[in-house]
Amino acid sequence: MEIKIISTEIIKPSSPTPAHLRTHKFFLPDNFAFNGYFPMILFYSAQSKEDMKISSHLKNSLSKTLTYYYPFAGQTKDGVSIDCNDHGAIFIETQVVVGEMSKLLQKRDNNLFKQLVPLKGNMQEISTTFNDANLVVQVNYFSCGGIAISICFNHIIVDGTKNVVVDCSSIYPPYDAYASMRSLYEQSHYHYNPTEIVGKSFMFDGGKIVALRKKIGSGSYLDHPTRFEAIAALISGALIRNADKEAHEFTVKQLAAVISINMRSIVNPPLPPQCLGNLVTTAIAKLPIDEKIDYNYLAAEVHKSVKNVVDQYKTNTHVSGLVKGLANSTVIHFSDISRLPFYEADFGWGKPTLLSFVSLHHKVACLMPTSDGVGVEAIIILPKEEMAKFEQDPEFLSYAKPFMSKRARL
């Protein structure tokens, strides 16, 4: 695939941000958040409108949106706040001169999708390139008339939910001391840097999810696993079964499943459901690497780890300890956004035909919605040698199918 940049602009809010809203302080968990851009891509089928009209429409919409979501037009400063200075969001347009959208979607290759997002190099290089902008949008036009819109926001200030700007920093104020803990957590997340990472998509249809939950719930540890608990147990079991215990500088003894949790409803007092911020905490399920895999036990451990964190926040007894207990572990980071309404993103020419998440890192399992609203798409990013084993795991493949595009009209 070959892409040519047509233009790069800075889009500012349609109305200036009032002086009393100039500083937006981070909510405490933002300090723990992954400091980097989180790229999502929305694919739209061939359009009858001219590219110029689409471009103008998107720019105007973005400008108006930034007036309400003004932190996205600002710049992160001093580790604890955003200067809402109307610096603006970066808006890039490209033409895909070599490459067909239909073939791209059939392959569902994370490395190819990366070419549709404007993130090149490491975090420091990206920040320098975009002058610490908190939002970067890239619109890619295909010769068939299809469009891929990549939206890259700084994950340290927002998660994937729909938000309005509400200052929650007074409830859990940020502290500079947490920056070092966040850095330590990031280092513990990955134990080595593979030469090549591979991202692949696996589909769980509604019927398979029902069957999986029934099977995993038949043991003595957990009666009724949720959709997430069942899928997380299945993925974890495949990783455990295929783990290379001697692949690192230490003997791997456990899989640490790091699970993202939406904090809005679990803290005491509860936060507004629309509160802006990366309002995510984590639970860690420590899963032993054994020869015999009990999926019911794995699901129960996932359930227990999440429940413990939820109970602690509700009773105000939570003590941060993100990096404890990860010695001799291999890690997988789970994020479940499969119930969020991404497929409702209609800019005036219909809803997206496909949504994708692009990871710049490995050891990630992101559960995404499907267009029918019933199934789950699991996008899994692993080192190449681990993916080669994982994608052939027979137990996993009895419930999940590698993605095969059926969207011929693209």
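The values are calculated or read from the model by the stated rules, or taken from the named source; none is laboratory data. Keep in mind it's a predicted model, so treat the numbers as computed, not measured. As a convention, Cβ positions derive from the backbone with ideal geometry for all residues, glycine included, and neighbour counts pool all protein chains shown. To get the accessible areas, we keep the full protein, side chains included, count just its heavy atoms, and leave off ligands, DNA and RNA. Shrake-Rupley method; radii C 1.70, N 1.55, O 1.52, S 1.80 Å.
Count charges around F228 for me, please; just the other residues with Cβ under 15 Å from its Cβ, Lys/Arg as +1, Asp/Glu as -1.
Residues close to F228 contribute a combined charge of +2.
Too long at a 21 Å Cα-Cα cut-off: which of K4/K53; K49/K200; K25/K114; K253/K292; K4/K59?
Result: K49/K200; K25/K114 exceed 21 Å.
Using a 1.4 angstrom probe and counting only protein chains, how large is the accessible area of F38 in Å², to 10?
Only protein atoms counted, so the area is about 40 Å².
Label the stretch 1-118 by shape, choosing from rounded, prolate and oblate, from the square roots a ≥ b ≥ c of the eigenvalues of the Cα gyration tensor; if a/c is under 1.5 it is rounded, and otherwise prolate applies when a/b is larger than b/c, oblate when it is not.
oblate
Quick one: order E377, E385 from most to least accessible surface, probe 1.4 Å. Write out the running numbers ahead of the final one.
Working: E377 5, E385 100 Å².
Heavy-atom accessible area, descending, gives E385, E377.
Tell me the trypsin sites (Lys or Arg not before Pro) within the stretch 279-322 that lie in a loop according to DSSP and have at most 12 other beta-carbon atoms within 10 Å.
K292
With a 1.4 Å probe and all protein chains kept in place, how much accessible area does D290 have, in Å² rounded to the nearest 10?
Here the residue's solvent-accessible area equals roughly 80 Å².
Taking θ = phi - 60°, what integer Hz values does the Karplus form 6.51 cos²θ - 1.76 cosθ + 1.60 yield along the stretch 298-313, in sequence order, with x for Gly and Pro?
4, 5, 5, 5, 4, 4, 5, 5, 5, 4, 4, 5, 4, 4, 5, 5
Around V374, with a cut-off of 12 angstrom between Cβ atoms, what is the net charge of the other residues, counting Lys and Arg +1 and Asp and Glu -1?
That works out to 0.
Ranked by accessible surface with a 1.4 Å probe, highest first, in what order do K4, K114 come? List each step's numbers first, then the result.
Values: K4 130, K114 50 Å².
Largest accessible area first, the residues go K4, K114.
Count charges around P270 for me, please; just the other residues with Cβ under 12 Å from its Cβ, Lys/Arg as +1, Asp/Glu as -1.
That sum, taken over residues with Cβ under 12 Å, equals +2.
Let me test this: with uniform point scatterers at the alpha carbons of the stretch 328-377, what is the Debye-based log₁₀ I(q)/I(0) at q = 0.13, 0.14, 0.21 1/Å?
Calculated log10 I(q)/I(0) at the listed q: -0.39, -0.44, -0.79.
To the nearest 10 Å², what's K53's accessible area with a 1.4 Å probe?
130
Once phi is turned into θ = phi - 60°, what whole-Hz ³J(HN,Hα) does the Karplus curve with 6.51, -1.76 and 1.60 give for every residue of the stretch 50-55, x standing for Gly and Pro?
Here the 3J(HN,Hα) series is 6, 4, 5, 5, 4, 4 Hz.
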